[in-house]
Each structure stands twice: as C-alpha cells, then as structure tokens.
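The values are calculated or read from the model by the stated rules, or taken from the named source; none is laboratory data. From a predicted model like this one, the values you see are computed outputs, not experimental measurements. Ideal geometry is used to build each Cβ from the backbone, glycine not excepted, and the neighbour counts take in all protein chains shown.
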Amino acid sequence: MVTEDFLRKSLWATTVFNAGAALLFFFPHIAAQFVPMPPAAPPFQSVMLGCFVLLFGGSYAWNAVQPVIDRPLLALGAIGKAVVFVLALCFWLAQQIPFSMVLAASGDLAFAAIFTAWLRGEGAVSGRG
C-alpha cells in the first residue's frame, strides 16, 4: 500500500521530473547534444508541449502541499503519465524514437503506478472510489 507520505514525496519527485522534461522541450537543440532525440518539432510546438509538461508539474507540486490530496487531479496525472509511456512505447515500436526515450518515459510509468496504487488503496480504505 502506498502511504500518503510516500505519495507526497512522489508528487515532489515528479514535479522535478516534469521540470526537467519541460527544459528538454524548451531547449531541444541543447538537449539533443546530451540525449538522443527525434527531430525537433517547430519551436511553437516544442514550447507549447513544454508549457503543458510544466503545468502538469505545477499541479503535482500544488497537490503535494494540499491538506487533502485532490483525487480527480491525481487521477488525471496518473492517466497522463501512463499515456506518455504508452505513446513512447508505440513510437519506439514504430521505429520513430530511440529506446532511450522509452527508458526515460518509464519514470512516467512508475509515477502512474504510484498514483494509481494510492488512489485504489485510499478508495478502499475510505469507502470512496
């Protein structure tokens, strides 16, 4: 069972994880020097994606400091994190991105699993869900 304390630490960790990912999208030309990346999208698309990744990161930080975890927001985060991993896996299988991007997205899968485990455990304990 995932404790609330562990969940809050995970929310802070994924806040940092998302901030790092947003930087990759904001500065793809710099990131490509260190991380194998697919061809850069047009700047507007890269910056837009970086903003959404940063926005989600902010929501994780916000949820981490709330007295009561916002379950719908956490569920949305779990879905979003799982989708990132599934998309990375599908694009790798289609030979559109390197496997290293799937490995990077496995962090999203881990956070999705933590969020989901807490939601399922909390729902069973509190009678919600």
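Odds and ends about this structure:
- Among the candidates 94, 75, 21, the residue that is closer than 28 Å to residue 121 by Cα, among the aliphatic types (A, V, I, L, M) and either within 18 Å of the chain's Cα centre (by Cα) or loosely packed, with under 13 Cβ neighbours inside 10 Å (or both) is uniquely 75.
- Pairs, first within 22 Å of residue 34 (Cβ to Cβ) in region 89-114, second at pLDDT below 95 and crowded, with 19+ Cβ neighbours inside 10 Å, C-beta under 6 Å, six or more apart: 91/97
- Selection status of residue 26, aromatic (Phe, Trp, Tyr) and more than 20 Å from residue 99 (Cα to Cα): yes
- Where a residue in region 1-14 is modelled with pLDDT of 95 or more and its partner, wherever it lies, is hydrophobic (A, V, I, L, M, F, W, C), with Cβ under 6 Å and at least six apart: 7/118; 8/64; 10/114; 11/64; 12/64; 14/111
- Residue tally, condition loosely packed, with under 14 Cβ neighbours inside 10 Å and either in contact with a Phe, Trp or Tyr (Cβ under 6 Å, 6 or more places away or on another chain) or assigned to a helix (DSSP H, G or I) (or both), over region 59-72: 3
- Filtering region 81-106 to residues that are within 21 Å of residue 2 (Cβ to Cβ), out of contact with any Phe, Trp or Tyr (no Cβ under 6 Å at 6 or more places or on another chain) and not aliphatic (A, V, I, L, M) leaves 85, 106.
- Residue in region 30-40 that is surrounded by 14 or more Cβ atoms within 10 Å (Cβ to Cβ), at pLDDT 90 or above and either assigned to a helix (DSSP H, G or I) or touching a Ser or Thr at 6+ places or on another chain (Cβ under 9 Å) (or both) present: no
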